[in-house]
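The structure's right below; bear with me while I get my questions together.
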Amino acid sequence: AWYVPCLASLETLQELCRKENLRCKSIGITNRKLKSYEVEYLCDYKVEEGTEYYLVKWKGWPESSNTWEPEKNLKCPLILQNFLSDKNEYLSRVREGKALKVRNHVKALQPAVADYIVKKAKQRIALQRWKEELNRKKNHKAMILVENTVDLEGPPLDFYYINEYKPAPGINVINGITTGCECADCPAEKCCPKEAGFILAYNKRKKLKIQPGLPIYECNSFCRCGPDCPNRIVQKGTPYTLCIFRTNNGRGWGVKTLQKIKTNSFVMEYVGEVITSEEAERRGQLYDNQGNTYLFDLDYDSDEFTVDAARYGNVSHFVNHSCDPNLQVFNVFIDNLDLRLPRIALFSTRTIKAGEELTFDYQMKGSIDLTSDSADGLSPSRKRIRTVCKCGAVCCRGYLN
């Protein structure tokens, strides 16, 4: 039998059942629960004969079942608080409060205000569901939060969260590892980095100690060392609670850290679809017209493959560019020693405060060792249309490409 995951929310499925007068025990629509009511959000407000009423959207019920309820019937203080906050936010944005003023004797909301409140409530629910989905799919312990206090934009419609490379047909991203180190306590003389001809990338505090442009070789799944090995950092995933947030200067979504990050610390991996350079050229033609910058060439050793994080990716999909970034790219090899297919890791270049936005340089110039033979291998795919940079840095180059 074929099983297709349902993209509709539980509340949407319940609405359909109630609308068609159907019963479905698996989603909670039984005879006993058919008439259960819970406030999902508030849609409108009015005063009649001195009594305040709110128009209620009931969770799991179609909008045709919305009812006006007196405030005394509502046991949802947080939803009431959100309603009032959204109303005041809208009013404060309309011509500095001159067109629509908050008055204590308001008998009803104007349609534009009620429409904004409903859209904001639906957005809040959609972002909450997206946050839950991201945290279900991630494979690391740290939380991912979502925040939009800027506009009514909801979750991206065509983005799918993944934890590791998604190879196109014919591309093998797990290749070449059959043995690992025999160290009882890494690093030893025969440890993975030394076997590859390089030094261990991390110090005793598990912070990066190598210069940009040099590769990182971590212990792999065949190594004798355990999960606490000091040479297993990138493979454990991000250790920091991060927040995907809506920027207020037209840069779309961004990512900020909710914890302090020390210098030379691993922050996240850049993942996506691994495609051929020929396919990247084809997709690049389409992305240029949209102003997208999700193609990242894997040309550490050659120029055969590219990572495309436009549709498939992790939190790094939302990290914005800066000409003065706080993250730096490094090539990492763990369970694949194919030099054409390094993993891309982002490390902090300085101490990053809690609440600060995370950024990296899409050109990777100025912060890497340009004398390194592999420096050119860290640059994202070349763009054909110049995109204006909005990073706001003092040293801003004016364009992303």
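The values are calculated or read from the model by the stated rules, or taken from the named source; none is laboratory data. Please read these numbers as outputs of a predicted model, since none were measured by experiment. A quick note on method: Cβ atoms are made from the backbone with ideal geometry, for glycine too, and the neighbour counts reach across all protein chains shown. These accessible areas exclude ligands, DNA and RNA; they are computed on the full protein's heavy atoms, side chains included. Shrake-Rupley method; radii C 1.70, N 1.55, O 1.52, S 1.80 Å.
Let me see the P(r) profile for the stretch 143-360: every Cα-Cα distance counted, bins of 10 Å, each bin given as a percent of all pairs.
8, 32, 35, 20, 5, 0
Using a 1.4 Å probe and counting only protein heavy atoms, arrange C76, C396 so the residue with the most accessible area comes first.
Most to least solvent-accessible, the answer reads C396, C76.
About its Cα centre, what dipole magnitude does the stretch 6-80 give when the only charges are +1 on Lys and Arg Cβ and -1 on Asp and Glu Cβ, stated in debye to the nearest 20?
Charge dipole, the stretch 6-80, about its Cα centre: 600 debye, nearest 20.
So if I place +1 on the C-beta of Lys and Arg and -1 on the C-beta of Asp and Glu, and nothing else carries charge, what would the dipole magnitude of the chain be about its Cα centre? I want it in debye, nearest 20.
Taking the Cα centre of the chain as origin, the dipole is about 1540 debye.
How many percent of all Cα-Cα pairs in the chain sit more than 38 Å apart?
Summing the P(r) of the chain above 38 Å gives 35 percent of all pairs.
Then there's this: On a 1.4 Å probe surface of the protein chains, which of K138, K166, K353 comes out largest in accessible area, and what is the full order?
Reading off the accessible areas and sorting them downward yields K353, K166, K138.
When DSSP beta bridges are limited to those with both residues in the stretch 143-360, what percentage is antiparallel, rounded to the nearest 5?
70
Compute a Gaussian network model of the chain, connecting alpha carbons closer than 10 Å, and tell me which residue from E269, E356, E49 fluctuates the most.
E49
While we're on this one: Run the 1.4 Å probe and let me know the accessible area of K46, rounded to the nearest 10 Å².
Number for this one is 40 Å².
Then there is this: Rounded to the nearest 20 Debye, what is the dipole magnitude of the stretch 143-360 about its Cα centre when Lys and Arg each give +1 and Asp and Glu each give -1 at the C-beta?
The calculation lands at about 1140 debye.
With axes computed from alpha carbons, what is the tilt in degrees of helix 277-290 against the longest principal axis of the chain, rounded to the nearest 10 within 0 to 90?
Computed tilt is about 40 degrees.
How large a share of the accessible area of the stretch 143-360, in percent, is made up of carbon and sulfur atoms when the probe is 1.4 Å and the other protein chains stay in place?
Solvent-exposed carbon and sulfur of the stretch 143-360 make up 48 percent of the total.
Can you find, among A188, L152, L208, the residue farthest towards the positive end of the dipole of the chain? Put +1 on the C-beta of Lys and Arg, -1 on that of Asp and Glu.
L152
Filter K120/K390; K131/K204; K131/K209; K57/K390; K107/K131 down to the pairs with a C-alpha to C-alpha distance above 30 Å, please.
As for pairs spanning more than 30 Å Cα to Cα, those are K131/K204; K131/K209; K57/K390; K107/K131.
A follow-up question, please. Tally Lys and Arg at +1 and Asp and Glu at -1 over the other residues with C-beta under 9 Å from the C-beta of F333: what net charge comes out?
Result for the neighbourhood of F333: -2.
Here is a further query. Got a number for the accessible area of T306? Probe 1.4 Å, square angstrom, nearest 10.
Rounded to the nearest 10, the figure is 0 Å².
Could you compute the net charge surrounding Y53? Neighbours are other residues with a C-beta less than 9 Å from the C-beta of Y53; K and R count +1, D and E count -1.
Taking every Cβ under 9 Å from that of Y53, the sum is -4.
Follow-up question, since we're still on this one. Using only the alpha-carbon atoms, what does the stretch 34-128 span along each of its principal axes? Please give whole angstrom values in decreasing order.
Extents along the principal axes: 46, 36, 23 Å.
Quick one: ranking L358, L339, L78 by accessible area, 1.4 Å probe, largest first, what do you get? Before the final figure, lay out each step's value.
Details: L358 0, L339 60, L78 110 Å².
These residues rank, largest area first, as L78, L339, L358.
How much accessible surface area, in Å² rounded to 10, belongs to the heavy atoms of D185 with a 1.4 Å probe?
120
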